[in-house]
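Read the structure below first, then the notes.
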Amino acid sequence: MILLNPGPVNVSERVRKALSREDLCHREEEFSGLLQGIRKKLLRAFVPDGSYAAIVLTGSGTAAVEAAISCCLDEGRKLLIINNGVYGERMARMAVAYGMNMVELKFPWQQHPDLSRLEAILKKEPSIQVVAMVHHETTTGMLNPVREVGNLTGRYGMRLIVDSVSGLGGETLDLARDGVDMCVGTAGKCIQAFPGVSFVLIRHGEMERIQKIPPRSLYLYLPDHFRDQEKGTVPYTPAVQLYYAFDEALAELLKEGLEGRIARYQRAAQLLRKGFSRLGLEFLLHEGLRSNTITSLYLPKGLSYQMLHNGLKQKGYIIYAGQGTLQTDIFRVANMGALKRSDFEGFIHHLEEVLK
Ligand SMILES: *Cc1c(COP(=O)(O)O)cnc(C)c1O
């Protein structure tokens, strides 16, 4: 099956084989070596300037987002969440679940956040301490303006958390330049490993602040994970075999080069979008808003998602439905994973057949 959903993705043979390495106890030095290798590779790939630390967690991307959100806020301060899609909304639901003081700034799903509205609130409410946003809104495939938001949080002395679960590996993101304090990613999307391992990249100095805040979670309490990982160990049993594969996928990413990976995804998206245009499909987002890895398209009149999905599945391709209010109107095609040009050409060919 060719997976054109935004994770889990198709992985290389090398990554798949890593799953079947020797059984290993996570309290042995071999596991420490594996863990520290993963943490180093994450930094080399995404923040090579040495100003961040990586914390690896067992759990899907949502676990790491929840770990970052739940520990980020001093008592008596406020968290502002930018919500223009399902994943921004999910962070707001986390803040509610943890009883955190939260302001939710909602924007239409097909638009960038209105920065003047954001600035007005930051100016008016000095009790806001942390701003959280999604880098690449997987709901629509829209790239949000991290740099511009980072300029504002920097100017007003606020912290910035970025959910880049579907961005890292597929989009350029300069954490240090944009003043990102915590950035969340996952193994199972553009890094091309398996789902079940995720991570937080944290700016040096930020952990010292967060450590002083009383824990709101036990299992997902980042300062505990950080403290142990700095010593080469982990507080709870990790998904050891998935770590083997994650390490291998990171080695592949470093070999391809982050820029090479991003360029490959860009080329794949271009090929797909040229095909979609030729087939007369309509895009949900304006060209300038689109990411390198997801394309949202309106379903042609008279064709249900189920019909399209099932027709393509029979040919060996998995597409993805819309979410929320877009569920009945659109379908999504992702181009993450260890796929070749011929896979995308084959998909366009079969899409044409199924549409007929
Ligand atoms: C995939 C994704 C997540 C996490 O989803 P999981 O299913 O928990 O891996 C979080 N944020 C964004 C933007 C995502 O695309």
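The values are calculated or read from the model by the stated rules, or taken from the named source; none is laboratory data. As the structure is a prediction and not an experimental result, all values here were calculated from the model. Note: ideal-geometry Cβ built from the backbone for every residue, glycine included; neighbour counts use all protein chains shown. Please note that ligands, DNA and RNA were not included when accessible areas were found on the heavy atoms of the full protein model with its side chains. Shrake-Rupley method; radii C 1.70, N 1.55, O 1.52, S 1.80 Å.
About the centre of its Cα atoms, the chain shows a dipole size close to 580 debye [charges on the beta carbon of Lys, Arg (+1) and Asp, Glu (-1) only; nearest 20 debye].
Could you sort the peptides 114-125, 69-80, 43-54, 190-201 by per-residue average Cβ neighbour count (10 Å cutoff), highest mean leading? Display every interim value, and only then the final one.
On the way: 114-125: 13.7, 69-80: 19.9, 43-54: 16.8, 190-201: 26.0.
Going from most to least packed, we get 190-201, 69-80, 43-54, 114-125.
Across segment 116-133, coupling constants 3J(HN,Hα) worked out from phi with the 6.51/-1.76/1.60 Karplus curve, θ = phi - 60°, read 6, 5, 4, 5, 4, 6, 4, 5, 7, 10, x, 6, 5, 10, 10, 10, 10, 8 Hz, and Gly and Pro carry x.
Per residue, the convex hull around the alpha carbon atoms of segment 252-295 comes to 66 Å³. Per residue, the chain exposes an accessible area of 42 Å² to a 1.4 Å probe, with every protein chain left in place.
Note on segment 15-167: Cα Rg divided by 2.2 N^0.38 Å, N the number of residues, gives 1.20. Placing unit charges on each Cβ (+1 for Lys and Arg, -1 for Asp and Glu) gives the chain a dipole about its Cα centre, and among P238, F347, L24 the Cα reaching farthest toward its positive end belongs to F347. Overall, the anisotropy analysis places segment 190-333 in the prolate class: the square-rooted eigenvalues a ≥ b ≥ c of its C-alpha gyration tensor yield a/c not less than 1.5, with a/b exceeding b/c. On the chain, 50 percent of the accessible area sits on carbon and sulfur atoms, based on a 1.4 Å probe.
Expressed as a fraction of 2.2 N^0.38 Å, the value expected for a compact globular protein of N residues, the C-alpha radius of gyration of segment 250-338 is 1.19.
Our summary of shape: the Cα atoms of segment 220-269 have principal axis extents of 41, 21, 18 Å, ordered from largest down, in whole angstrom. The relative contact order of the chain comes to 26 percent, based on Cα pairs under 8 Å that sit 6 or more residues apart. Each of C71, M91, S51 was placed along the dipole of segment 31-112 (beta-carbon charges, centred on the mean Cα), and the one lying farthest toward the positive end is S51. Across all Cα pairs in the chain, the calculated P(r) in 20 Å bins from zero up to the longest distance comes to 31, 57, 13, 0 percent per bin. Dipole size in debye (nearest 20) for segment 82-222 around its Cα centre, Lys and Arg Cβ +1, Asp and Glu Cβ -1? The calculation lands at about 300 debye.
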